[in-house]
Amino acid sequence: MRVHVLQHVDFEGLGCIEAWLENRHATVTFTRFLESVSLPNLDEVDFIIALGGPMSVNDEDQFPWLADEKRFLAKAIQENKIVLGICLGCQLIASALEAKVYPNREKEIGWFPVHLQQKTATSLVFPGTMEVFHWHSDTFDLPKGARLLASSIACRNQAFQIGRRVIGLQFHLEMTPKSMATMLKNGRHELLTHRFIQSERQIRCAPAISYKIINDFMGKVLEYLMHSYS
């Protein structure tokens, strides 16, 4: 499988997804937008992973490549490529499909549960409740044809699916202790006192089982998408 990763900042990477791809001998290429805005021909790609980042999808004046990225994602979905969006990447999918992205009523940073919203015979099935890691201030309207998969108290639209090949996750299942340390180093200025913002100490104190749970479920998400390829 040929996987192309859309990376927006150096401190939000693949996390546990990297080992999953290596174990399956995937060919992995990158567009790192702060270094280059070059995007591949879609004929050369099977699976696209759009990662997170601190910018908004609406910041095209500051980051002109966002417009190109959204067009790329829209075309990839139209051509039935597999697409996974994480946090900003999830919002980019929504925006690429002409859904509105805007500030959420609550900023959400830390370990908080999401809850299953919809279950069908063909959809990705979330646990009834699962604690995951969040770091976002924006939310989005569901794109046309999307099924809502999960919600949290602070933010209704947390995960969605379109068909069998497109999944958006507002939260971070890919986090590892190493990637968490990098995220905190670059974003601790956002950890202000708020009911849905945990302290750095609270975030760092998450036990190993918390990472195992989210990483295992990320593996299930990837296997689900991979199944549609095979």
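Throughout, read-outs are computed from the coordinates displayed, never taken from laboratory work. Here the structure is a predicted model, which means the values were calculated and not measured.
Structure above, values below:
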{"quantity": "The chain, relative contact order in percent, only Cα pairs under 8 angstrom and at least six apart counted", "calculated": "19 percent"}
{"quantity": "GNM top mover of Leu173, Leu191, Leu97 - the chain, alpha-carbon springs below 10 Å", "calculated": "Leu191"}
{"quantity": "Separation of alpha-carbon centers, region 164-227 and region 9-37, rounded to whole Å", "calculated": "16 Å"}
{"quantity": "Length released on extending from Gln78 to Lys144, taking residue separation times 0.36 nm less the Cα-Cα span", "calculated": "22.5 nm"}
{"quantity": "Shape call, the chain: gyration tensor on alpha carbons, a/c limit 1.5", "calculated": "rounded"}
{"quantity": "Two-decimal log10 I(q)/I(0) for region 1-96, as the Debye equation yields it once each C-alpha is a single scatterer, q = 0.12, 0.16, 0.20 Å⁻¹", "calculated": "-0.33, -0.60, -0.96"}
{"quantity": "Structure-based [θ]222 nm, the chain - -39500 (n - 2.57) summed over DSSP H runs of at least 4, per residue, nearest 500", "calculated": "-9000 deg cm²/dmol"}
